[in-house]
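The values are calculated or read from the model by the stated rules, or taken from the named source; none is laboratory data. Remember, predicted model here, so these are calculated numbers, not experimental data. We place every Cβ from the backbone using ideal geometry, glycine too, and count neighbours over all the protein chains shown. Areas reflect the complete protein model, heavy atoms only, side chains present, ligands, DNA and RNA absent. Shrake-Rupley method; radii C 1.70, N 1.55, O 1.52, S 1.80 Å.
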Amino acid sequence: MDTGASPADARSFVVTNRSVLAIAVPMTLAYLTTPLLGIVDTAVVGQLGDAALLGGLAAGALIFDVVFTTFNFLRSGTTGLVAQAFGRGDELEEQAVFWRAVLIAVVAGIVFAALAPLIAIAGQWFMGAEPRVSEAMGVYIRIRLLAAPFSLINYAILGYVLGRGEGGLGLMLQLVLNGINIALCILLGLELGWGVAGVAWATVTGEFVAMLLGLAIVGRRFWKAPRLPRHRVLDLPAFLRMMSLNRDIMIRSFSLLAAFALFTRQGAQFGMVTLAANAVLMNFFLVAGYFLDGFATAAEQLVGRAVGARAAAPFRQAVRLTLFWGFGLAGAATLILLLGGADLVAVITTSQDVRDVADIYLPWAAFTALSGVLAFQMDGVFIGATWSRDMRNMMLLSFLAFSAALLILAPAFGNHGLWASLHVFLLVRGFSLLAILRLRVRTAF
């Protein structure tokens, strides 16, 4: 198990292909288990041969993502702040950042678990889907939100681990989380016939076990480290800085999920079969995205470490190398989906109608890897540098561009216009952040 660099060399380091890959490869494997889980969830429900259940799962997963991905700052914000403390060689601040994130996770998680019934009702109202779709969605949300405290604490644990560049440990934790989830999903959802409810309970169990393991590992490390004074955790200026960073990342994440929500909602207006087909294809988009997120994570850690150490050369090299590897893998992902996507669709769902519609729009989903690679990588750079305000503002700009494209293209070209609008969203995100980066670098060092 890797443990990152030692404090002695935290301030002096060189970014190489090896250092990028040491973080990116294990985290790419780790992140790929998440869309794999989504594919398994979809496949388990898809084997029941009921498009309404498949649509309900997709809609329920979307509402869940709206709630939890909005709090993704507990992962990404923690990564940036820990990486910068690591770059400065400040071990106590690394611990303090982690416990601040856990404190926020516990409070927010309990609130979300308590509000699960209301969130389910609000999600059903927003989606406006057919009754059977809404019923399945409600079951999924009510059960899965019980895992809210566990899920958010897992975000904080992973953020701390990645902030120190410990890709191997991050991979192990994600394998435990999603491995348990996948196994129980098949057992409860398919073998025992619990359907959508089984898929949801599998997630709750996986999150709980992974949280216990992560806390045990981090707690043992802190026990051996210098003692952290309690007042350091609640240091007001540091807490306010973290909250400001988290606020901007939350707005960014909510805007991202709002775009995906509008995408799914518009797909629902095209009918239940199109909604189900888009749900299958969005799993491919997530596969491509998580495939690229490993290099975005490498950018977060290496850029954050460089900013903490105030080292300009490693910063620039981290940006260049993560972008190079990102574009190479995006091209490979696109090619794989173009060549094998139809076969994957056939594996995921037994509904011939859903298969036929998904095959039509498969190229749109395949090319999201190339149109989105710059957005993913720039997100990693800005998170690591904690330039959250710029990231927030460019995301809002991209959301406006997506909304405008949706209003124009979806009525004119149907589901083709819907997918084209998603590409507009990804491209505007990437190039707007790249333009801001050039200005930021001039003043950062």
query = Using the Cα gyration tensor of region 196-283, with a ≥ b ≥ c the square roots of its eigenvalues, what is the shape: rounded (a/c below 1.5), prolate (a/b larger than b/c) or oblate (neither)?
reply = oblate
note = Place a point 7 Å from the Cα of T16 in the direction of its beta carbon; the residues of region 298-340 whose amide N falls under 16 Å from it are 314, 317-318, 321-322
message = Need one number for the chain: average projected area of the convex hull over its C-alpha atoms, nm².
response = 19.2
remark   = Of the convex hull drawn through the C-alpha atoms of region 155-232, the volume per residue in Å³ is 98
note = The rounded separation in angstrom of the Cα centers of region 309-352 and region 205-239 is 33
key: Fully extended contour minus Cα-Cα distance, from Q352 to F239, at 0.36 nm per residue   = 35.3 nm
message = At a 10 angstrom cut-off on C-beta neighbours, averaged per residue, how do the peptides 23-31, 208-216, 259-267 rank from highest to lowest?
response = 23-31, 259-267, 208-216
request  = Please report, in debye to the nearest 20, how large the charge dipole of the chain is about its Cα centre when each Lys and Arg carries +1 at its beta carbon and each Asp and Glu carries -1 there.
outcome  = 1740
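Mind ranking 273-279, 118-124 by how tightly packed they are, going by the mean number of other C-beta atoms within 10 angstrom, highest first?
Top to bottom by mean Cβ count within 10 Å: 273-279, 118-124.
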inquiry  = Compute a Gaussian network model of the chain, connecting alpha carbons closer than 10 Å, and tell me which residue from W223, W99, W125 fluctuates the most.
reply    = W223
inquiry  = Positive end of the dipole of the chain, charges at C-beta (+1 Lys, Arg; -1 Asp, Glu), about the Cα centre: which of S371, P26, F13 has its Cα farthest in that direction?
reply    = F13
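In whole percent, and with a 1.4 Å probe on the protein chains, what portion of the accessible area of region 271-333 is carbon and sulfur?
About 70 percent, which is the carbon plus sulfur part of the accessible surface.
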query = What list of ³J(HN,Hα) couplings, whole Hz, do you get for region 408-413 from phi and the Karplus terms 6.51, -1.76, 1.60, once you set θ to phi - 60° and write x for glycine and proline?
reply = 8, 7, 5, x, 7, 10
note = Among A346, L177, V107, the residue whose Cα sits farthest towards the positive end of the charge dipole of the chain (+1 at Cβ of Lys and Arg, -1 at Cβ of Asp and Glu, taken about the Cα centre) is V107
request  = Grab the beta carbon distance between R310 and L118, set R0 = 45 Å, and tell me the FRET efficiency rounded to 0.05.
outcome  = 0.45
task = Over the chain, average the accessible area per residue using a 1.4 Å probe and give it in Å², no decimals.
result = 39
request  = Measure off 7 Å from each Cα along the Cα-to-Cβ vector at L335 and L192, then give the distance between these two points in nanometres to one decimal.
outcome  = 4.4
task = Please report, in Å, the Rg and the Dmax of region 296-414, where both are computed over Cα atoms only.
result = 18.5, 57
query = How would you order 152-159, 316-323, 357-364 from highest to lowest mean count of nearby Cβ atoms within 10 Å?
reply = 152-159, 316-323, 357-364
